[in-house]
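Right, I'll just put the structure down here and ask away after.
The numbers here are math on the coordinates, done by the rules we state, and not lab data. Note that the structure is a prediction, hence the values are computed from the model and not measured. All Cβ positions, even for glycine, are placed from backbone atoms using ideal geometry, and neighbour counts span all protein chains on display.
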Amino acid sequence: MTNHEIKLSRRFFMKGTGAAALIGTTVGTASLAGCAEQSDTSAQEAQNTTAPATEMNMERVNFDAGYNRVNTNSIKFDLIKMQNPGKQLDVGMGIADMDFRTLPEVTAALKERLETENWGYELPPLDYPANIVDWNKRRYNADVPQGNILNSVGVLDGVLSTLNAYGKEGDRVLLITPTYSSFFSTIHQANMVEAESEMIRNADGRYEVDWDDFEAQIASGIKLFILCNPQNPTGNCWTADELRRMGDICNAHGCLVLADEIHCDFVMGDSVYVPYAELGEEYAMNSVSYKSTSKSFNLAAHRTGYLFSHNRDHIDAILKVGHQRLLLNIMGLIASNEALKHGDAYIDRQNAYLTENAKFVEQFCAERIPDIKYKVHEGTYLAWLDINALIERLDAANKAAELTAYNEANNVTYVDFFGVEHIKRYNTGDYMKEWFMDNAKIDINPGENYGKGGAGFMRMNLATNRAMIEKALNNIEEAINTI
Ligand SMILES: Cc1ncc(COP(=O)(O)O)c(C=O)c1O
């Protein structure tokens, strides 16, 4: 089913969207209300003059050219090197960001702002809310209610505010796993606990919801469900039917749907992303959606995202727990705004490039690394590799247990990111991560990080140039040949 087929009555979208919510409620000053009105007008003007990225600009974005991020304080390369002293890292394929230049229009606007040399308080770009609306309409025929958009310092910040608004200490939050690892820590930050409904992997390798379990868990009293669409790390783009089925169960039991759609701009081949809030009024009114330009245009360092709901009550509840985020770092807001105005061609070409990366990995594994199984996924730029055969060949589960026993007996420790010392214990995935680092000189993430159903898999980030992917795969092939 396409996005167009799921369009329903739009009348309800008018509700609660008239007020200048973004500015009025977060700053709460009458003097800014006028700016909100101006915002609409400026946005209209901006849209009239907005042109898609030109061919000339797009030539500067050569996804195939490569981008060296070593010694830039990057988490993907530099933090991993710090954590693995003395080891060689050829390709970082862990954290979900990209080794690509961002859109030239973004860089140009940031340079221009930099030149002003004054950093006093300032409003977000006045056309930003309208550009969010316009992007979602243009790309997905989705109607984001402009008055019900809130900024957030990244997507997780918005998710955390929503958990705080609707849950209390000890409440359970449902995840369908394997799913994004930081959902677990975000739930813990809210003093809540995760409930995991493990998905079922069908014969084609696609993940399906275990509907009986999903329903039973929600019926047991869970009031918050975090949906990830497209799903990190399995790559599922949920179909309208699947989303509706999840939504029907949630709606029947008064469970709020938190729809994290941060990966929505990454759709491989003919797959389709269906925005949850577009399923119809009952789904839109019982959900909050979270998005950002951070994944799409590689702007994660700018810490800028947004959330919205068609139901004004949800926005008010989120504001009430202290989510006041009008004035984010101005550079992030400018970057996001420019990306939304000019980014269409960038996203289209990036998706084409990433789809080819995924096909390359599928073919390479099928022909040369039979111990690793992978099929082109639907959404995100993350490959979910089935490494069960390799784990078996390496006897990794036993080796991990032996290492743990040794480290416990000999007090072998490591210091975590926050400076806290721990005994170095290994599960099978930890062992495999270290094996890939030591033998293939690559960094990839263990499936165990993603909850139930993750063991036996590793997540490989494909948002890099083809030469790096080829290097990583060649390294893996060579490493396996030495077993
Ligand atoms: C599904 C998902 N949600 C949220 C995030 C984090 O987003 P942010 O940095 O905007 O909080 C990520 C990053 O990998 C992600 O994959």
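Between LYS452 and GLN363, how high is the FRET efficiency from 1/(1 + (r/R0)^6) when r is the Cβ-Cβ distance and R₀ = 51 Å? Nearest 0.05.
Calculated value: 0.95.
Roughly how tilted is helix 30-49, in degrees to the nearest 10 and between 0 and 90, from the longest Cα axis of the chain?
70 degrees
Please list, in order along the stretch 100-114, the HN-Hα scalar couplings obtained from phi with the Karplus expression 6.51 cos²θ - 1.76 cosθ + 1.60 (θ = phi - 60°), rounded to whole Hz, x for Gly and Pro.
Whole-Hz 3J(HN,Hα) from phi for the stretch 100-114: 10, 5, 7, 4, x, 4, 5, 4, 4, 5, 5, 4, 4, 5, 4.
If you take all C-alpha pairs in the stretch 286-438, what percent of them are over 28 Å apart?
Result for the distance tail: 53 percent.
Can you say what percent of the DSSP beta bridges in the chain, counting only those with both residues inside, are antiparallel? Round to 5.
50 percent
Now a separate question. Over 28 Å between Cα atoms: which of LYS111/LYS320; LYS373/LYS399; LYS373/LYS433; LYS111/LYS433 fall into that group? It would help to have the intermediate numbers written out before the result.
Working: LYS111/LYS320 36 Å; LYS373/LYS399 22 Å; LYS373/LYS433 17 Å; LYS111/LYS433 39 Å.
Those over the limit are LYS111/LYS320; LYS111/LYS433.
Let me see the P(r) profile for the stretch 105-206: every Cα-Cα distance counted, bins of 10 Å, each bin given as a percent of all pairs.
Reading upward from the zero bin: 12, 25, 27, 26, 9, 1.
Need the C-alpha centroid separation for the stretch 428-483 versus the stretch 255-322, integer Å.
30 Å
Suppose each label sits 7 Å from its Cα in the direction of the beta carbon; what would the HIS188-TYR406 distance come out to in nanometres?
Rounded to a tenth, the inter-label distance reads 2.7 nm.
Which entries of LYS81/LYS452; LYS295/LYS375; LYS295/LYS424 show an alpha-carbon separation above 27 angstrom in the structure shown?
Working: LYS81/LYS452 29 Å; LYS295/LYS375 22 Å; LYS295/LYS424 32 Å.
The answer is LYS81/LYS452; LYS295/LYS424.
Where does the charge balance sit around TYR283 when Lys and Arg score +1, Asp and Glu -1, over other residues with C-beta under 10 Å from its C-beta?
Its environment carries a net charge of -3.
In whole Å, what three semi-axes, largest first, describe the equivalent ellipsoid of the chain built from its Cα gyration tensor (square root of 5 times each eigenvalue)?
Output for the chain: semi-axes of 37, 27, 22 Å.
What is the diffusion coefficient of the stretch 278-323 in µm²/s, taking the Kirkwood radius over Cα pairs and the Stokes-Einstein relation at 25 °C with a viscosity of 0.890 mPa s?
205 µm²/s
Using the scaling law 2.2 N^0.38 Å as the reference, what is the normalised Cα Rg of the stretch 382-435?
Values: Rg = 13.0 Å, N = 54, 2.2 N^0.38 = 10.0 Å.
The reported ratio for this selection is 1.30.
Here's a follow-up. If each residue's Cβ is checked for other Cβ atoms within 10 Å, how do PHE308, PHE360, PHE77, PHE417 rank with the fewest at the top?
If I rank by nearby Cβ atoms, fewest first, I get PHE417, PHE360, PHE77, PHE308.
I've got another one for you. Tell me the net charge near ILE423. Cut-off is 15 Å between Cβ atoms, ILE423 excluded, with +1 for each Lys or Arg and -1 for each Asp or Glu.
-3
Right, next: Can you give the percent of C-alpha pairs in the stretch 362-483 whose distance is more than 25 Å? Walk me through the intermediate numbers first.
Details: 1959 of 7381 pairs.
For the stretch 362-483, the share of Cα pairs beyond 25 Å comes to 27 percent.
Also, quick follow-up: Considering only DSSP beta bridges with both partners in the stretch 224-332, what is the antiparallel share in %, to the nearest 5?
The answer is about 25 percent antiparallel.
Something else about it: So what are the ³J(HN,Hα) numbers for the stretch 233-241, from phi and the Karplus equation (6.51, -1.76, 1.60; θ = phi - 60°), rounded to whole Hz, Gly and Pro as x?
Going residue by residue, I get x, 6, x, 5, 9, 5, 6, 4, 5 Hz, with x marking Gly and Pro.
Could you tell me whether the stretch 334-403 comes out rounded, prolate or oblate from its Cα gyration tensor? Rule is a ≥ b ≥ c as square roots of the eigenvalues, rounded for a/c under 1.5, then prolate if a/b exceeds b/c, otherwise oblate.
oblate
Let me ask another. Counting other C-beta atoms within 10 Å, which of VAL155, VAL209, VAL193, VAL288 has the fewest, and how do the rest follow?
Exposure proxy ranking, most exposed first: VAL193, VAL209, VAL155, VAL288.
For the pair ALA389 and ASP316, what calculated FRET efficiency results from E = 1/(1 + (r/R0)^6), where r is the Cβ-Cβ distance and R0 = 35 Å, to the nearest 0.05?
E(calc), rounded to 0.05, equals 0.10.
Right, another one. With r as the distance between the Cβ atoms of ARG466 and LEU79 and R0 = 22 Å, compute the FRET efficiency 1/(1 + (r/R0)^6) and round to 0.05.
After rounding to 0.05, the efficiency reads 0.35.
Report the charge-dipole magnitude of the chain in Debye, nearest 20, computed about the Cα centre from +1 at each Lys and Arg Cβ and -1 at each Asp and Glu Cβ.
So the dipole magnitude of the chain works out to roughly 500 debye.
Moving on to the next point. Starting at the first residue of the stretch 62-76, write each ³J(HN,Hα) from the Karplus equation 6.51 cos²θ - 1.76 cosθ + 1.60 with θ = phi - 60°, in whole Hz, x for Gly and Pro.
After applying 6.51 cos²θ - 1.76 cosθ + 1.60, I find 9, 4, 8, 6, x, 8, 7, 9, 5, 6, 10, 6, 6, 6, 5 Hz.
Shifting gears a bit: What does the charge add up to near HIS302, with Lys and Arg as +1, Asp and Glu as -1, over the other residues with Cβ less than 15 Å from its Cβ?
Local net charge: +3.
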